[in-house]
Amino acid sequence: MSRIKRQKLYYFLLVPGLLYFLIFHYGPMYGIIIAFKDIAPFDGLKGIFSAEWVGLKHFRNFTESYYFTNIMVNTLTISGYRLLFGFPAPIILALLINEVRVVAFKRTVQTISYLPHFISMVVLAGLVTTLLSTDGGFVNGVLQKLGFEPVLFLSDTRFFRSVLVGSGIWKEMGWSSIIYLAAIAGVDQQLYEAAKVDGAGKLKQIWHITLPGISPIVVIMFILAIGHVMDAGFEQIFLLYSPPVYGVADIIDTYVYRKGLVEVQYSFAAAVGLFKSVIAAVLVLGTNYLARKFGQEGIW
């Protein structure tokens, strides 16, 4: 308590952030109980407390439903692609930008790579749809010039996931590289000088100095990425998918949207959302534990 009194001004600075989380994140959590009740669409707030308890009924209905396997596979597959291709992309970009010695060119590349982050997902979906359209789209125009048939990229199950993941990486890769560039800037430059004296080339310097130097940041970012495995990017999928690709694009969040807002099954949708959140929490805790086990700092 004496330490808190001495540093009370610093603790006071935490108040706005704490209030934000209490009001907008922890306060609404009382609504979780509707996942264990059978609430009617027009019961209102009082229905949250007066509705009949049904226990794990909605969870059982979800796990036993026809769609369960498909949406779980889609969610994990799309998230797996994002991790496999999207997670290393900003690291590689940061390493490449760090090696550029012409300052003007380096800043230009950084600026260009950051810009897509500021494009809203709605605009991105519009750009992707326009570029890949079979009616005057640039990509299909090039394919036709080369003698190929037009391809329905957004309506073909073979290409939809690739388009989805690729456009997502393009949008966020530059912005995500900022934190890695900052980490690289903190690596001791004397290590590079010593490596040069020992005859190490650029690739060996990157492998033996840069990557080990930024490994704590990489581990933390990986743990945070694991926490979003069950998300799979609702907004982007919702804006790009259509019934022909539901088989490869329908994820937990789009399923929750249809059940909760379209079909007005609030309790069922809440149960599915809670199911997803519990799995995400377990993944974060498990990944953090493994990181600590292998000598990394982890998140806590």
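Coordinate-derived values only; no laboratory data. No experiment lies behind these values; they were computed from the predicted model shown. Positions of Cβ are backbone-derived with ideal geometry, glycine not excepted, and every protein chain shown enters the neighbour counts.
Within the chain, which complete DSSP H helices have Cα atoms spanning at least 30 Å along the helix axis and a mean Kyte-Doolittle hydropathy of -0.5 or higher?
Membrane-span-like by this rule: 160-185, 266-293.
Estimated from helical segments only, the mean residue ellipticity of the chain at 222 nm is -19000 deg cm²/dmol, where each DSSP H run of four or more residues counts as -39500 (n - 2.57).
Peptides 172-179, 38-45 ranked from most to least packed, by the mean per-residue count of other Cβ atoms within 10 Å: 172-179, 38-45.
The aspartates and glutamates whose alpha-carbon is closer than 15 Å to the alpha-carbon of residue 46, local same-chain residues fewer than 8 away aside, are 38. The ellipsoid equivalent to the alpha-carbon distribution of the chain has semi-axes of 39, 32, 18 angstrom, derived from the gyration tensor eigenvalues as √(5λ) and listed largest first. A simple packing score, the average count of other Cβ atoms within 10 Å per residue, orders the peptides 98-110, 125-137, 250-262 as 250-262, 125-137, 98-110, with the highest score first.
Tell me, 170, 53 in order of fewest to most beta-carbon neighbours within 10 Å?
53, 170
Taking neighbour Cβ counts within 10 Å as the exposure measure, how do 207, 300 sort from fewest upward?
Numbers: 207 12, 300 7.
In order of increasing Cβ crowding within 10 Å: 300, 207.
With neighbour counts taken as other beta-carbon atoms within 10 Å, the residues 4, 97, 34 rank, fewest first, as 4, 97, 34. In this structure, the amide hydrogen of residue 37, modeled 1.01 Å from its nitrogen in the peptide plane, lies closer than 5 angstrom to those of 54, counting only residues at least 5 positions away or on a different chain.
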